[in-house]
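Undergrad: Could you have a look at this structure, given as structure tokens, before my questions?
The values are calculated or read from the model by the stated rules, or taken from the named source; none is laboratory data. All values derive from a computational prediction rather than experimental measurement. Cβ atoms come from the backbone with ideal geometry, glycine included; neighbour counts cover every protein chain shown.
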């Protein structure tokens, strides 16, 4: 009887679905994907560690993740519940080989923030110098092998459940694993932070924390600290008379230098990692502070060369040369060249209608970003190596932040001189 009552409803749903049309069906599919992803975000946020990092990794893989799901997964950038202070004390003391009181003059019990693999506490050195101490969760490294094995199995199950095969699954998972291992190595982060600090030292408006080596290990990272204003706190910036456009110009210079000149860049420019130094002269000459260099990327000379030629081909509207460089960067699966070429040709037409790549205003980049997501998702055989995805995501975050801070500032024009120098490099 129950089956008999439910059957007409089920049939009616299928019939009305058939008459909704492709746009309505696509919207419903996106809504279902987003709902499932939101439930997954809740679970991953409680698990922390490798599981949160997997969700963050998936949030930018529009070539792999179903429509609607990727945006929901970006919520994993948010804060997570912190560790109890006694656990933090045990980790720091075990890593440094001394008591907290012997290592620091003071150490605040409540963290400044807590994220997927670590939390940060304000402290002072024995001489009173203020510092920030990043402390890795103790179980993350110990459970890493088991967590990665479970995640690999889950990826296979999800691919089967969605009937959506994942090309080069092993390569993609290896990229995720490699990136996670780099983020867990605070000694590597210290080296990267020091190198980026040196690279940007000539610009007095760019600040990178100085690492305190004597109080740092592979799981504890101590760095200089100063009072700041979150770059996304527009009300606080306005109240102090700090020019948003001035802040954005500093940020644009910093990323143009890192991406086009140095080849080593801070790859996580969300508002939680960027600050304006809170000092009296900020209203006249704001300084932008970068923190958290766990997710940083050094582009190989080969990838920089292919990027250079690819950008040049885009500026020249040379479709053949652009597709050739895509192939060189491993972006086209075997047998998919014809379909990828057609999709890219459509994108070229859109850019040409806008007056060319350099004529596209900075704000329009955000619209092109959405088109690029659709291109990745809807073009079989189009795939992005993770290094290239981080590069694209970093620029995407930067333009989105620019639109929030000062939409009147055109980041394309601001970064063009650095881009032209990059294109002129003969190597």
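Undergrad: Which of the numbered conditions does residue 75 fail, given that it passes all the others? Conditions: (1) assigned to a helix (DSSP H, G or I); (2) at pLDDT 70 or above.
TA: All conditions pass for residue 75, except number (2).
Undergrad: Next question, about the same structure. Going by the structure shown, is residue 305 touching a helix residue (DSSP H, G or I) at 6+ places or on another chain (Cβ under 6 Å) and either at pLDDT 80 or above or assigned to a loop (DSSP other than H, G, I, E, B) (or both)?
TA: no
Undergrad: Just one of 343, 317 is over 17 Å from the mean Cα position of the chain (by Cα) and either surrounded by 16 or more Cβ atoms within 10 Å (Cβ to Cβ) or closer than 17 Å to residue 384 by Cβ (or both); which is it?
TA: Going through 343, 317 in turn, just one is over 17 Å from the mean Cα position of the chain (by Cα) and either surrounded by 16 or more Cβ atoms within 10 Å (Cβ to Cβ) or closer than 17 Å to residue 384 by Cβ (or both): 343.
Undergrad: Among what's in the stretch 393-416 and is touching a helix residue (DSSP H, G or I) at 6+ places or on another chain (Cβ under 8 Å) and without any contact (Cβ under 8 Å) to a residue 60 or more places away in the chain, pick the residue that is farthest from residue 299 (Cα to Cα).
TA: First pass over the stretch 393-416, keeping only residues touching a helix residue (DSSP H, G or I) at 6+ places or on another chain (Cβ under 8 Å): 394-396, 398-406, 408-409, 411-412, 414-416.
The next check asks that each one be without any contact (Cβ under 8 Å) to a residue 60 or more places away in the chain; those that pass are 396, 399-400, 403, 412, 416.
Details: 396: 17, 399: 20, 400: 23, 403: 26, 412: 21, 416: 20 Å.
Among them, the one singled out is 403.
Conditions tested, residue by residue: (1) touching a residue at least 40 places away in the same chain (Cβ under 8 Å); (2) over 28 Å from residue 106 (Cβ atoms).
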| position | (1), (2) |
| --- | --- |
| 179 | yes, yes |
| 187 | no, no |
| 204 | yes, yes |
| 222 | yes, no |
| 228 | yes, no |
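Undergrad: Within the stretch 119-137, which residues are touching a helix residue (DSSP H, G or I) at 6+ places or on another chain (Cβ under 9 Å) and in contact (Cβ under 8 Å) with a residue 60 or more places away in the chain?
TA: Answer for the stretch 119-137, where residues must be touching a helix residue (DSSP H, G or I) at 6+ places or on another chain (Cβ under 9 Å) and in contact (Cβ under 8 Å) with a residue 60 or more places away in the chain: 123, 125, 131, 133, 134, 135, 136, 137.
Undergrad: Given the conditions (1) assigned to a strand (DSSP E or B); (2) within 19 Å of residue 266 (Cβ to Cβ); (3) modelled with pLDDT under 95, and given that residue 134 satisfies all but one, which numbered condition is not satisfied?
TA: (3)
Undergrad: Just to be sure I understand, how many residues within the stretch 90-117 are crowded, with 16+ Cβ neighbours inside 10 Å and more than 23 Å from residue 180 (Cβ to Cβ)?
TA: 6
Undergrad: If a residue counts only when it is at pLDDT 95 or above, which helices (runs of 4 or more DSSP H) contained entirely in the stretch 160-254 have at least 3 such residues?
TA: 186-199, 234-239
Undergrad: Any residue in the stretch 84-105 that is part of a loop (DSSP other than H, G, I, E, B) sitting within a Cβ distance under 8 Å of a residue that is crowded, with 19+ Cβ neighbours inside 10 Å? List the pairs, counting only those 6 or more apart or interchain.
TA: 104/123; 104/131; 104/133; 104/215; 105/123
Undergrad: Within the stretch 395-406, is there a residue that is at pLDDT 80 or above, out of contact with any strand residue (DSSP E or B) (no Cβ under 9 Å at 6 or more places or on another chain) and exposed (fewer than 15 other Cβ atoms within 10 Å of the Cβ)?
TA: yes
Undergrad: Scan the stretch 292-300 and tell me whether some residue there is crowded, with 21+ Cβ neighbours inside 10 Å and part of a strand (DSSP E or B).
TA: yes
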